[in-house]
Every structure is written in C-alpha cells, then in structure tokens.
Amino acid sequence: MEPHAFDLPAPGYLEGVREICHQNDALLVFDEIVTGFRTAQGGAQEYYGVMPDVSCFGKAMANGFPISAVVGKGDVMRLFEQVFFLGHLRR
C-alpha cells in the first residue's frame, strides 16, 4: 500500500493496518516509490514510525533513472530466495 498519496493518513491508520495484517498472517508492504526519500530520508516508515515487513523504493534512489529496490526484514527477505533465481547465462 502507499503510506500516503494526496491526503495524509489519519492518526493511527497505518498502525491499524499493520495490526490487521499481522493478525491475519499477511505482510504489510509499503510502496515507497513516491514517498521514499521525499517524506523523510527514511521514507514514510520513518516519518510515521510504522515499520512495514517489505518496502519498495524506486527512481529517487538514482536521481530519476530507472532503478528499484525491494527491502525488508531478514526473515521475510529470505523467502524471496525460494521465488527468484539469480544466476548468469552460460554460452
């Protein structure tokens, strides 16, 4: 979810979403493509004090050039090893 877009979230809203996610064994994922580095140096999660399980960052990291990063808690990020295959092509 985007932590905020045009309107700021109501007090307690993001904390409530995090609680609902964790009660239902769901991950809280912040889309910080827009809010990352603009809201605060640590993104909306730093500004609001709500730590998601995973965050997605983008263009602001590279001054507008196409780049992205998916970051998160270690136990969650280790799960990506089962989903993504990283390697190189052999010719």
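The values are calculated or read from the model by the stated rules, or taken from the named source; none is laboratory data. For clarity, every value in this text was computed on a predicted model and none was experimentally measured. In this analysis, Cβ positions are derived from the backbone assuming ideal geometry, glycine residues included, and neighbour counts consider all displayed protein chains. All accessible areas refer to the heavy atoms of the entire protein, side chains included, with ligands and DNA or RNA removed. Shrake-Rupley method; radii C 1.70, N 1.55, O 1.52, S 1.80 Å.
Summary table
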read-out	value
Lys, Arg +1 and Asp, Glu -1 on Cβ, resulting dipole of region 1-76 about Cα centre, debye, nearest 20	280
Nearest-10 value in Å² for the accessible area of CYS56, using the 1.4 Å probe	40
Overall form of the chain per C-alpha gyration tensor (a/c, 1.5; a/b vs b/c)	oblate
Net charge of neighbours whose Cβ lies under 15 Å from the Cβ of PHE6, counting Lys and Arg as +1 and Asp and Glu as -1	-2
Rel. contact order, % - alpha carbon contacts under 8 angstrom, at least six apart, the chain	22
Area of SER68 that stays accessible when all protein chains are in place (1.4 Å probe, Å², to 10)	90
Value of [θ]222 nm, deg cm²/dmol, for the chain, DSSP H segments ≥ 4, -39500 (n - 2.57) each, nearest 500	-6500 deg cm²/dmol
Karplus 3J(HN,Hα) series, Hz, for region 18-23 with 6.51 cos²θ - 1.76 cosθ + 1.60 (x for Gly, Pro)	4, 5, 4, 4, 5, 5
Among GLY16, PRO52, ALA62 - extreme Cα towards positive end, dipole of the chain, charges at beta-carbon	ALA62
For region 32-42, Karplus couplings with θ = phi - 60° (6.51, -1.76, 1.60), whole Hz, Gly/Pro x	9, 4, 8, 7, x, 6, 9, 5, 7, 4, x
Spin-label zone in region 37-58 - amide nitrogen under 18 Å from a point set 7 Å from the Cα of LEU79 along the C-beta vector	51-57
Environment charge at PHE37 (Cβ cut-off 12 Å; Lys +1, Arg +1, Asp -1, Glu -1)	0
1.4 Å probe accessible area per residue over the chain, in Å²	75
